[in-house]
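Working notes, beginning with the structure itself.
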Amino acid sequence: MKILVCISKTPDTTAKITFTDNNTKFDEQGVQFIVNPSDEWYALVRALELKEALGGTVHLITVGGPDNDPVIRKALALGADDAIRVDTDASDGYYVAAQIAHCAREGGYDLLLTGKETIDYNGSGVGGMIAGILELPYISLATKLETEGNGEATVRREIEGGEEVCSVKLPAVISCMKGMAEQRIANVRNIMMAGRKPLKVVEPVDADKLTEIISFTLPEPKSGIKMIAPDNVEELVRLLHEEAKVI
Amino acid sequence: MPVLIFADQHEGTFRKAAFEAVSYGNSLARQLGSTATAIVLGTCEEQNIRALGNFGVPKVLHHTNSLLDHFDPAVYAKVICQAVEQESAEVIVFSHNFNGKAIAPLVSARLKAGWVAGALALPDTSSGFVVKKGVFSGKAFAQVKVLSEKKIVSVNPNSVPVEKTDQQAEVIPFDSQIQESDFKVKVTATETLSGTVPLPEAEIIVSGGRGLKGPENWGIVEDLAKALGAGTACSRPVADSGWRPHHEHVGQTGITVRPNLYIAIGISGAIQHLAGVNGSKYMVVINKDPEAPFFKAADYGIVGDAFEVVPRLTKAIEAFKEKQH
Ligand SMILES: Cc1cc2nc3c(=O)[nH]c(=O)nc-3n(C[C@H](O)[C@H](O)[C@H](O)COP(=O)(O)OP(=O)(O)OC[C@H]3O[C@@H](n4cnc5c(N)ncnc54)[C@H](O)[C@@H]3O)c2cc1C
Ligand SMILES: Nc1ncnc2c1ncn2[C@@H]1O[C@H](COP(=O)(O)O)[C@@H](O)[C@H]1O
């Protein structure tokens with residue numbers, strides 16, 4: 001099996017979110033960056049498990065500037081074989097998908113995995129767009145992925161109020177979420193090796209940008225909490241009914 | 001700018017997410033001085049489809065081919081693109097639910113139509129087409145401008161008003177050639193959790209954390225949820241320990257929810273948890289530690305032992321509901 005895993009860089013989950021340039025840019029000052037959790041915990045780890053079980057190789061791709069390199073090295077340290085970075089700005093989902101699709105076409109992969117969504121821009125779309133561009137089957141929000149390496153996979157996916165089991169011919173694009181694998185910690189040997197693994201930097205291809213973020217806002221702060229005594233839950237019921245009007 | 005709305009049906013019925021999408025699409029068409037049409041795929045009784053008119057849409061296309069009772073996003077995307085062409089639609093509206101998230105990116109790639117994933121409001125069309133969506137998993141919002149000629153908006157659950165009328169829609173058969181061989185994804189089994197509300201659509205959510213000590217104690221959460229007609233959720237360590245199913249995990253790395261009321265029981269309120277729930281209209285926190293960070297984010301709080309407070313609250317809710325009848 002030859003598997004391509006799409007890796008994106010996101011701010012650490014504890015990062016305080018603020019903006020600069022008149023609220024048009026995310027303020028990266030002092031922010032730690034990590035591999036997007038669903039890309040690492042589910043897509044990458046499942047790819048590595050399949051490699052361990054069936055043989056083959058696991059390749060990473062990321063679209064973004066040189067500031068992505070430390071993050072992609074972190075992902076390499078979990079055991080992937082090599083990585084490609086498309087050296088361009090990743091501000092639009094379709095543009096990113098077009099770059100990945102172009103590389104995937106050349107690479108001849110059996111399986112393309114993405115995370116469920118990035119925790120910064122919450123697009124939940126790059127995987128589907130890659131599938132749409134390459135005209136490959138797409139399964140979104142998969143919680144399990146099994147294959148014998150025989151050109152077919154069995155996938156469990158979330159649907160409204162339940163789950164569905166499907167089979168799909170490979171190659172296919174699958175977006176991965178919780179349930180698919182367990183988070184792994186890189187071992188020292190792999191961390192040492194990660195620095196020497198090939199990371200190929202390629203130029204972007206021409207593609208349209210279909211969207212653009214023009215500004216950001218932060219949620220309004222809460223106006224303050226009302227405390228209720230633990231033996232006066234009737235008061236809470238009254239407030240929920242009369243004040244909040246939610247029951 | 002004619003609008004096409006994908007109205008997502010499940011075994012012949014429509015859920016709230018579909019009503020929200022239809023209502024949103026219809027308001028949008030009105031704002032643009034244009035018309036809205038909905039499309040329904042697969043087996044569904046005509047009277048249910050006509051009732052979509054209640055949410056403002058005058059006309060619904062219905063593709064009755066029962067092959068579409070199996071969900072393959074690629075086939076759905078293909079059919080929707082054909083409808084887009086027939087209707088000369090320029091804006092396509094989805095629900096931002098599991099199915100919408102699967103189909104919309106494929107339609108986006110096929111039509112080169114920019115997509116706003118998880119819209120929280122109608123677009124600002126005063127200069128271009130700009131839509132508000134959540135980013136940083138609930139920690140902020142972005143105004144996203146769609147640059148392409150065709151545009152896609154998926155509507156975040158529980159985020160937009162639903163306008164109801166007593167209109168009925170006209171149902172128009174829609175046919176396009178689809179064959180069994182178009183389906184590259186074959187559904188072999190479906191497991192529905194009967195009687196439960198999908199969390200992103202739930203209006204009230206009762207959620208439990210590690211403070212509940214173990215899965216055997218979830219009865220008090222479930223009883224309160226039942227009394228309120230609520231969905232149940234949990235914090236990440238609770239799902240990771242296998243106390244509760246994964247699909248109940250809310251937060252930055254789980255599901256983002258925006259119910260009217262979120263009740264957090266024995267949850268400390270870590271930043272990653274709050275990110276996924278702070279879009280809730282009202283939050284109640286029950287925690288024995290007065291210093292728990294969740295109290296800073298909530299509207300109502302009770303400092304106390306969940307095992308005493310929650311059953312008491314359940315009784316009080318039941319008594320309240322009783323009185324309402
Ligand atoms: C990368 C990353 C991503 C993460 N993503 C998520 C996410 O998506 N969602 C998420 O939830 N977490 C997430 N976390 C974990 C998060 O940081 C917290 O560890 C987690 O939310 C804590 O869960 P908890 O509140 O249930 O448990 P705890 O933090 O252990 O809190 C338990 C609470 O219960 C209270 N309590 C104890 N006994 C009682 C009692 N008898 N009655 C009432 N109250 C009681 C305690 O006072 C305490 O406040 C993430 C962490 C990381 C590093
Ligand atoms: N810049 C990027 N480079 C590589 N993969 C990406 C990039 N952005 C998103 N992805 C992949 O696409 C998934 C969905 O991203 P999004 O559509 O932004 O929510 C992510 O979980 C990644 O696997």
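The values are calculated or read from the model by the stated rules, or taken from the named source; none is laboratory data. On a predicted model such as this, the values are computed, not experimentally measured, just so you know. Please note: Cβ atoms are built from the backbone with ideal geometry, for glycine as well, and neighbour counts cover all protein chains shown.
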In the set A:Lys226, A:Lys245, A:Lys209, A:Lys222, the lone residue that is surrounded by fewer than 17 Cβ atoms within 10 Å (Cβ to Cβ) and in contact with a strand residue (DSSP E or B) (Cβ under 6 Å, 6 or more places away or on another chain) is A:Lys226
In the stretch B:19-36, what residues are of a type in the set (A, V, I, L, M) and in contact with a strand residue (DSSP E or B) (Cβ under 6 Å, 6 or more places away or on another chain)? B:Ala21, B:Val22, B:Leu28, B:Ala29, B:Ala36
Cβ-Cβ under 6 Å, sequence separation 6+ or interchain: first residue in the stretch B:306-317 and under 10 Å from B:Asp223 (Cβ atoms), partner in a helix (DSSP H, G or I) and within 15 Å of ligand 1 (Cβ to nearest atom). Which pairs? B:Val310/B:Ile220; B:Val310/B:Leu224; B:Pro311/B:Ile220; B:Leu313/A:Val233; B:Thr314/B:Leu224
Is the stretch A:177-187 home to any residue that is in a strand (DSSP E or B), touching a residue at least 40 places away in the same chain (Cβ under 8 Å) and either closer than 28 Å to B:Ala119 by Cβ or not charged (D, E, K, R) (or both)? no
Filter result (of a type in the set (A, V, I, L, M), out of contact with any Pro (no Cβ under 6 Å at 6 or more places or on another chain) and over 30 Å from A:Val155 (Cβ atoms)) within the stretch A:1-44: A:Ala15, A:Ile17
Mind checking which residues of the stretch B:280-290 are within 11 Å of chain A (Cβ to nearest Cβ) and either hydroxyl-bearing (Ser, Thr, Tyr) or surrounded by fewer than 21 Cβ atoms within 10 Å (Cβ to Cβ) (or both)? B:Ser280, B:Lys281, B:Tyr282, B:Lys288, B:Pro290
Near ligand 2 (Cβ under 10 Å from one of its atoms), closer than 20 Å to A:Met193 by Cα and more than 14 Å from every other protein chain (Cβ to nearest Cβ), is that true of A:Arg73? no
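The rows are residues; the columns are (1) crowded, with 24+ Cβ neighbours inside 10 Å; (2) at pLDDT below 95; (3) near ligand 2 (Cβ under 9 Å from one of its atoms); (4) within 29 Å of B:Gln252 (Cα to Cα).
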position	(1), (2), (3), (4)
A:Val96	yes, no, yes, yes
A:Gly127	yes, no, yes, yes
A:Leu134	no, no, no, no
A:Thr154	no, no, no, yes
Output the number of residues of the stretch A:115-129 satisfying the condition of being more than 7 Å from chain B (Cβ to nearest Cβ), closer than 16 Å to A:Arg157 by Cβ and in a loop (DSSP other than H, G, I, E, B). 2
Those residues of the stretch A:98-115 which are within 22 Å of A:Met177 (Cα to Cα) and near ligand 2 (Cβ under 9 Å from one of its atoms) amount to A:Ile100, A:Leu113, A:Thr114, A:Gly115
What's the number of the condition B:Ile172 fails, among (1) hydrophobic (A, V, I, L, M, F, W, C); (2) surrounded by 14 or more Cβ atoms within 10 Å (Cβ to Cβ); (3) out of contact with any helix residue (DSSP H, G or I) (no Cβ under 9 Å at 6 or more places or on another chain)? (2)
Going through A:Asn68, A:Asn122 one at a time, which residue ends up being of a type outside the set (Gly, Ala, Ser) and within 13 Å of A:Val201 (Cα to Cα)? A:Asn68
Under the condition of being at pLDDT below 95 and charged (D, E, K, R), which residue from the stretch B:9-56 is farthest from B:Pro161 (Cα to Cα)? B:Glu11
When you go through (1) within 17 Å of the chain's Cα centre (by Cα); (2) more than 10 Å from ligand 1 (Cβ to nearest atom); (3) more than 15 Å from B:Val221 (Cα to Cα) one by one for B:Thr256, which number turns out not to apply? (2)
Would you say A:Ser8 is surrounded by fewer than 24 Cβ atoms within 10 Å (Cβ to Cβ) and within 14 Å of ligand 2 (Cβ to nearest atom)? no
Under the condition of being of a type outside the set (A, V, I, L, M, F, W, C) and more than 9 Å from chain A (Cβ to nearest Cβ), which residue from the stretch B:252-267 is farthest from ligand 2 (Cβ to nearest atom)? B:Gly266
Restricting the stretch A:198-222 to residues that are more than 8 Å from chain B (Cβ to nearest Cβ) and assigned to a loop (DSSP other than H, G, I, E, B), the residue that is modelled with the lowest pLDDT: A:Pro221
With B:Val162, B:Val187, B:Val206 as the choices, which residue is away from ligand 2 (no atom under 16 Å from the Cβ), assigned to a strand (DSSP E or B) and either away from chain A (no Cβ under 13 Å) or surrounded by fewer than 20 Cβ atoms within 10 Å (Cβ to Cβ) (or both)? B:Val187
Before we move on, is B:Val221 among the aliphatic types (A, V, I, L, M), under 26 Å from B:Phe141 (Cβ atoms), more than 12 Å from every other protein chain (Cβ to nearest Cβ) and surrounded by 21 or more Cβ atoms within 10 Å (Cβ to Cβ)? no
Please work out which one of (1) more than 21 Å from B:Gly279 (Cβ to Cβ); (2) surrounded by 24 or more Cβ atoms within 10 Å (Cβ to Cβ); (3) facing chain A (nearest Cβ under 9 Å) is the condition B:Asn97 fails and give its number. (1)
Within the stretch A:79-114, can you find the residues that are more than 19 Å from B:Ser154 (Cα to Cα) and either under 14 Å from the mean Cα position of the chain (by Cα) or within 9 Å of another protein chain (Cβ to nearest Cβ) (or both)? A:Ala90, A:Val96, A:Ala98, A:Ile100, A:Ala101, A:Leu112, A:Leu113, A:Thr114
Got a number for residues in the stretch A:163-196 being more than 13 Å from chain B (Cβ to nearest Cβ), closer than 22 Å to A:Pro37 by Cα and charged (D, E, K, R)? 1
Looking at the stretch B:238-260, can you tell me whether even one residue there is touching a residue at least 60 places away in the same chain (Cβ under 8 Å) and over 20 Å from B:Asn97 (Cα atoms)? no
In the stretch B:114-131, residue surrounded by the most Cβ atoms within 10 Å (Cβ to Cβ) [restricted to those that are touching a helix residue (DSSP H, G or I) at 6+ places or on another chain (Cβ under 8 Å) and more than 7 Å from chain A (Cβ to nearest Cβ)]: B:Ala119
Any chance A:Thr143 is within 13 Å of chain B (Cβ to nearest Cβ), surrounded by fewer than 23 Cβ atoms within 10 Å (Cβ to Cβ) and closer than 28 Å to A:Ser167 by Cβ: yes
Among the numbered criteria (1) surrounded by fewer than 24 Cβ atoms within 10 Å (Cβ to Cβ); (2) modelled with pLDDT under 95; (3) within 11 Å of ligand 1 (Cβ to nearest atom), which one does B:Pro245 miss? (3)
